[in-house]
């Protein structure tokens, strides 16, 4: 009855006597190791490679001494010479009088699992190497970007300002000698140089936002908004605008100065792109969303943005045809989107039925900071 169970077992089972000769070898052992029962019964176990013999002898002594082995990983050899990684359980065998007369060993094949683990290890090493290589390339690219920013900031601005100053001096000291077309050309040179300098500043700002580290913390939106509006009270452009803040606004996880820059960029667009003769009107409010974010809403009464153009306005230097008669270079909203993304949020534009645009800035919601 017992040997019927052993023969039916899917696990290889081997029994030995007190002098280390095989007394039992079930079909599963034959399938695993390759030897038939007739080839191994009465012989010392042929599966033990030379490198494992000392450990094997220790196992035999432990078993004949009454100890067991539980799940120990061992190396065994197949008949064809292939090495197998196995897990071994053993137990002493005793006769009717209790005398230990041998041992039984049960094997579980770990070869495929070990091969899979090795493949995973090699894959992880490959991934780590690739990550390290790409990180090195990114660091190199960042260094090149910083060097480029330095070049733009110093080497390009000097001749540009010289050109601007020369054109201004020409108009101031020799303007009466120029005809109307000459004075107009001089003014265009001054204006073009000023626009180019502003474009350089915008590029530097976009570069700074894209590569600087932003550490977020709980920030009160109402404090950020009122602090920004207080600073803008002396700006003639903002003095003509009507801004309403609907409190409370709540708290978000953000980088305070960067969030102020984002709001400033959106407000600048809100009061700039209005129809001629229209007083800019802006409403700032907020609402909680179900996904753990808080939405800061900035609604204006401007010329509006069509649904087809709501993505284009966030592209750098993208100017819509309707905005060509307004000042600006098409960078402010690009900087705003990049900054919001760096803080773990998103910015979008929604339709306003009464006209104008609604800018939605979504940021992770935060609890009110303790004072």
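Quick test of your reading of the structure: residue 249 fulfils all but one of (1) crowded, with 21+ Cβ neighbours inside 10 Å; (2) modelled with pLDDT under 90; (3) in a loop (DSSP other than H, G, I, E, B). Name the failing condition by number.
That leaves (2) as the condition not met.
So the check is Cβ under 8 Å with 6+ separation or different chains; which pairs have a first residue in the range 22-43 that's buried (at least 16 other Cβ atoms within 10 Å of the Cβ) and a second one that's in a helix (DSSP H, G or I) and at pLDDT below 90?
Here the result reads 24/3; 24/6; 26/6; 26/7; 27/7, each pair linking the range 22-43 to a residue that is in a helix (DSSP H, G or I) and at pLDDT below 90.
Considering the range 339-355 alone, what residues qualify as being in contact with a helix residue (DSSP H, G or I) (Cβ under 8 Å, 6 or more places away or on another chain) and assigned to a loop (DSSP other than H, G, I, E, B)?
Passing the criteria: only 343.
Are any of the residues in the range 31-52 in contact with a helix residue (DSSP H, G or I) (Cβ under 7 Å, 6 or more places away or on another chain), assigned to a helix (DSSP H, G or I) and modelled with pLDDT of 90 or more?
Among the residues of the range 31-52, at least one is in contact with a helix residue (DSSP H, G or I) (Cβ under 7 Å, 6 or more places away or on another chain), assigned to a helix (DSSP H, G or I) and modelled with pLDDT of 90 or more, which makes the answer yes.
Any residue in the range 231-250 that is more than 20 Å from residue 335 (Cα to Cα), under 30 Å from the mean Cα position of the chain (by Cα) and touching a residue at least 12 places away in the same chain (Cβ under 8 Å)?
Among the residues of the range 231-250, at least one is more than 20 Å from residue 335 (Cα to Cα), under 30 Å from the mean Cα position of the chain (by Cα) and touching a residue at least 12 places away in the same chain (Cβ under 8 Å), which makes the answer yes.
Which residues, counting only those in the range 298-327, are farther than 16 Å from residue 262 by Cβ and modelled with pLDDT under 70?
Scanning the range 298-327 gives 317, 318, 319, 320, 321, 322, 323, 324, 325, 326, 327.
So which of 67, 87 is out of contact with any helix residue (DSSP H, G or I) (no Cβ under 8 Å at 6 or more places or on another chain), assigned by TED's automatic domain parsing to the domain that holds residue 12, part of a loop (DSSP other than H, G, I, E, B) and surrounded by 13 or more Cβ atoms within 10 Å (Cβ to Cβ)?
Result of the check over 67, 87: 67.
Taking residue 267 as the residue in question, decide whether it is surrounded by 18 or more Cβ atoms within 10 Å (Cβ to Cβ), touching a residue at least 40 places away in the same chain (Cβ under 8 Å) and in contact with a strand residue (DSSP E or B) (Cβ under 7 Å, 6 or more places away or on another chain).
No.
So in the range 176-197, with the set limited to residues that are within 21 Å of residue 160 (Cα to Cα) and without any contact (Cβ under 8 Å) to a residue 12 or more places away in the chain, which one is nearest to the chain's Cα centre (by Cα)?
The extreme case among them is 192.
Surrounded by 21 or more Cβ atoms within 10 Å (Cβ to Cβ), in the same structural domain as residue 221 (by TED's automatic domain parsing) and on the phi < 0 side of the Ramachandran plot: which single residue out of 284, 303 fits that description?
Every option except 284 fails the conditions.
The values are calculated or read from the model by the stated rules, or taken from the named source; none is laboratory data. Not measured: the values here are computed from a predicted model. Cβ atoms come from the backbone with ideal geometry, glycine included; neighbour counts cover every protein chain shown.
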